[in-house]
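Trainee: Following this message is one structure expressed as structure tokens.
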Amino acid sequence: MKKIATIAVAISCAAALFTACSGKTAAKGGAASAEAKGYTFGEEKTFHSDEKVTYSISFSDASWYAMQDTWKTEGVFKDIEDVTNVHLDITSYDSGDYGQKVNLAINSGNPTYIIPKIYDENQYVSGGGVVAVSDYVQYMPNFSAFVKKYNMEPDLDTIRQSDGKFYRLPGMHQAALQDYTIMVREDIFEAAGYNIRELEKDWTWESLHDVLVGVKKYMVANGLCKDSDYIWSDLWCGESGKGQGGNLLKLMGASYNVLSGWAIEGSNGGIKFDWNKKEFYSSSISDDFKKLVTVANSFVKDGLLDPETFTQADDVAHNKFYSGKTVIMSTNRSQMANDIAGVQKILGDSAKCYVTAYPSGTNKNLAETSRLECGVMISQKALDELGKEGFIKLMRFVDWMFYSKEAYSLCKWGPEGKTWEWGTAANGAKIKKLKDGFKCGGLGLPGPDDYIDIRLKWGYAGGNYFYGHSTEESTDAFTPEVQDLYARYGKYKTVATVDPKAKPTEDEREQLNLWAVPLIDNINAWTLKFVTGQKDINNDWNDYVSSCKNLNVDKIVALTNEIYNRK
């Protein structure tokens, strides 16, 4: 493991600005500009089709900022069309079952051309429904320039399949950024005798437990809650946690070398790499996993963490925290400003919130290790219907939309002058800021109730169409509070080495998937039963391990190692 450089330094260094790589020939995809059969494209040059063209695209529609007609008539989709002459024919799926709906569309032979917001492409590869996009990146000048500038090839190698190709165009970061953490009511912690800013420097989940015991004792003594009340009721674990413990168990799991919560998706059953033994193993039946569920259960068992955390809607957790019924809750960089504002709106300015560097376990690792994130698949249907020349044109549009600085800013902030303008930071740096009368939950930039939220009204700063990019760009909406959090991450946390990848053939992937699906369901079910106390960790542990072995966990480990060792 290596100590991470502070994000504060990364941000200040990024002020040197993203300098574009020198151009190559159009054939290699790195041209500064080019024209080809009725359209214009190039590295940091606006894609524009001489004739209007329509491309179908999938959309993961989140209920908390659902798509509105204004997004198409005067918002982000109209802006894209105005700039590029590309009309996006949108197929919207509810975010809760987006992956299932995309999978169904691909299997039925009727997917959209462009399929964004994909975290794990493995299930789609074997059926031939999506294109090996690595065969076409030479036609993508912005993508190619970023790969070269930030040496992304080793990262891309982690998503290559057994044929040496990759099937998802990932969001690419200059540096890994930890998004999710926890927020506490600092005023309550202080009143109970705990200095959270000192504690976070080296605290563990076990010491957080002890602190919360003391905080609850203070709250009960002062009539702020009853002994039967829980003071922690979290979000992103229930409905949006997909029945897996979501964000919280992902954070805790990473602290104990375990893939859990959101992190278990696509892992074939919690499979991790042991760097000392140079082999894969199942973290889900390890001693580390037993430690994880033991610590997580201690919060529930001792009346601190509400077990309904793992089934409830996120609004329930928000309401409890905002009203002062609870004093700790997960948050992320786009949500934290809204969370602070939500508390102060109900409880007043005296209710102080603090966003912490979350606790460690047996290690100080951040949960995020990769510089890659969710990305875009392109359906085989697009290639079949457009032909090679039309398909290359599509790929050059995708290159602009997901990898150019122009499109990143447009999808994230909206058009300059409409929603945002240039301003000057306290240190004299040139920064983007929303114009008067606007706010944005997606950027963590709150405002009065009568301000227009540019995400709700026009679809800017949504999760579908902007991710990755340079540190300068990905942090351009960070408030001083968020920048301070990243500086503390740099001091108190570390980044683990990314696990290597075994690259199965299609037949091997299908076999692994057949084993992994019921195994993961079993792991998730037992995990939540252990955490909530429905199963006794000591008495029922052997039964749990046996259930995993009966569902082929050993076969998954053996086949994964066999695949890896033939590389």
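Trainee: Report, in whole Å, the centroid distance computed from the Cα atoms of region 289-353 and region 40-66.
Mentor: If we compute the Cα centre of each part, the gap is 37 Å.
Trainee: Restricting things to Cα coordinates, could you compute the convex hull volume per residue of the chain in Å³?
Mentor: Expressed per residue, the convex hull around the Cα atoms of the chain is 147 Å³.
Trainee: Suppose R0 equals 22 Å. What FRET efficiency, 1/(1 + (r/R0)^6) with r the Cβ-Cβ distance, do ASN427 and THR479 give to the nearest 0.05?
Mentor: The formula returns an efficiency of 0.95 here.
Trainee: While we're here: Work out, in µm²/s and without decimals, the Stokes-Einstein translational diffusion coefficient of region 349-464 at 10 °C, 1.306 mPa s, Rh from Kirkwood over C-alpha pairs.
Mentor: Numbers: Rh = 18.1 Å.
Approximately 88 µm²/s, per Stokes-Einstein.
Trainee: Output the Kirkwood hydrodynamic radius of region 281-420, Cα pairs only, in Å rounded to one decimal.
Mentor: 20.3
Trainee: Just round it to a whole percent: the fraction of Cα-Cα distances in region 381-530 exceeding 28 Å.
Mentor: 50
Trainee: Express in whole angstrom the spacing between the alpha-carbon centres of region 261-279 and region 396-440.
Mentor: 38
Trainee: Next up: Return the percentage of antiparallel bridges among DSSP beta bridges fully within the chain, rounded to the nearest 5 %.
Mentor: 65
Trainee: Lys and Arg at +1, Asp and Glu at -1: add these up for the other residues within a Cβ distance under 12 Å of SER60 and post the number.
Mentor: -1
Trainee: When the Kirkwood hydrodynamic radius is evaluated over all pairs of different C-alpha atoms of region 398-438, what value in angstrom, to one decimal, is obtained? Please list the in-between numbers first.
Mentor: Values: mean 1/r = 0.0894 Å⁻¹.
Taking the inverse mean of 1/r over all distinct Cα pairs, region 398-438 comes out at 11.2 Å.
Trainee: Could you bin all the Cα-Cα distances of region 240-302 into 5 Å bins starting at 0 and give me the percent of pairs in each, rounded to whole numbers?
Mentor: Here the calculated profile for region 240-302 is 4, 20, 27, 26, 14, 6, 2, 1.
Trainee: Using only the Cα atoms of region 111-166, what are the Rg and Dmax in Å?
Mentor: Calculated on Cα positions, Rg and Dmax stand at 12.1, 34 Å.
Trainee: Run lengths n ≥ 4 of DSSP H only: what is the helix-derived mean residue ellipticity at 222 nm for the chain, with -39500 (n - 2.57) per run over all residues, to the nearest 500?
Mentor: -12000 deg cm²/dmol
Trainee: Once the other residues with Cβ under 15 Å from the Cβ of ALA425 are scored (Lys, Arg +1; Asp, Glu -1), what is the net sum?
Mentor: -2
Trainee: Quick one: plug the Kirkwood hydrodynamic radius of region 454-539 (C-alpha pairs) into Stokes-Einstein at 25 °C, 0.890 mPa s, and report D in µm²/s. Intermediate results must be reported in sequence, preceding the final value.
Mentor: Values: Rh = 18.5 Å.
In µm²/s, the coefficient is 132.
Trainee: Give, in whole angstrom and from largest to smallest, the semi-axes √(5λ) of the equivalent ellipsoid of region 60-100, with λ running over the eigenvalues of the Cα gyration tensor.
Mentor: The equivalent ellipsoid of region 60-100 has semi-axes of 22, 12, 6 Å.
Trainee: Give me the net charge for the shell around VAL316: Cβ to Cβ below 13 angstrom, other residues only, Lys and Arg +1, Asp and Glu -1.
Mentor: Values: positive: LYS320, LYS325; negative: ASP234, GLU239, ASP306, GLU308, ASP314, ASP315.
My count for the surroundings of VAL316 gives -4.
Trainee: I would also like to ask the following. Under 20 Å from a point 7 Å along the Cα-to-Cβ line of ASP287: which residues of region 263-279 have their amide N that close?
Mentor: Those under the cut-off are 271-279.
The numbers here are math on the coordinates, done by the rules we state, and not lab data. Quick caveat: nothing in here was measured; it's all calculated off a predicted structure. Methodologically, a virtual Cβ is constructed for each residue, glycine included, from the backbone with ideal geometry; neighbour enumeration extends over all protein chains shown.
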